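Peer 1: Below: one structure in structure tokens.
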Amino acid sequence: MKEVPSKKLLGDFLRSRRERLSPEDVGLASYGRRRTSGLRREEVAQLSHIGTSWYTSLEQGRCVNPSEDVLNNIANALQLTEDEREHLHLLAKPAQQERADNEQINMGLEQTIRALEP
């Protein structure tokens, strides 16, 4: 079974929560018919006090490192429950943890290789 990267899971989670809200739910005016269901990325970014391209990078699973404050702002903007908020933080953390783990593995591998040298 193929493992799904945590960045993709984070993006899927954000997208699903964004799509379930309407502009009226968060106090924004709605002007006629919309091409997408739910909020637009620009609207979530505005409500979260972050840049649209930065939020888009998060949702697309690119390598970005959101701070606790940014995650909390996004959670507030998407009106997440406490369980959803905790899940958001857990999804965002593995990306940070994976990098630290990879650095440790690389250092350990380097030490092992050096120990094998004659």
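Peer 1: Can you sort Ile113, Ile50 from fewest to most other Cβ atoms within 10 Å of each residue's own Cβ?
Peer 2: Working: Ile113 9, Ile50 18.
Sorted ascending by nearby Cβ count, the order is Ile113, Ile50.
Peer 1: Rounded to the nearest 0.05, what FRET efficiency is calculated for Glu42 and Ser67 with R0 set to 25 Å and r the Cβ-Cβ distance?
Peer 2: Working: r = 21 Å, r/R0 = 0.83.
It comes to 0.75.
Peer 1: May I have the convex hull volume per residue, in Å³, for the Cα set of the stretch 6-116?
Peer 2: Values: hull volume 11.7 nm³, N = 111.
About 105 Å³ per residue, rounded to a whole number.
Peer 1: Further, regarding this structure: Just add up the charged neighbours of Tyr55: K/R +1, D/E -1, any other residue whose Cβ is under 12 Å from the Cβ of Tyr55. Could you put the intermediate results ahead of the total?
Peer 2: Working: positive: Arg15, Arg18, Arg40, Arg41, Arg62; negative: Glu42, Glu43, Glu59.
Around Tyr55, the charge tally is +2.
Peer 1: By how many nm would the segment from Ala29 to His49 lengthen if fully extended, with 0.36 nm per residue of separation less the alpha-carbon distance?
Peer 2: 5.4 nm
Peer 1: Using the count of nearby Cβ atoms within 10 Å as a rough guide to exposure, how do Asp83, Asp12 rank from fewest to most?
Peer 2: On the way: Asp83 8, Asp12 14.
Ordered by Cβ neighbours within 10 Å, fewest first: Asp83, Asp12.
Here, each number is a calculation from the coordinates, and none is a lab measurement. These numbers were taken from a predicted model, which means no experiment stands behind them. Using ideal geometry, Cβ is built from the backbone for each residue, glycine included, and neighbour counts are taken over all protein chains shown.
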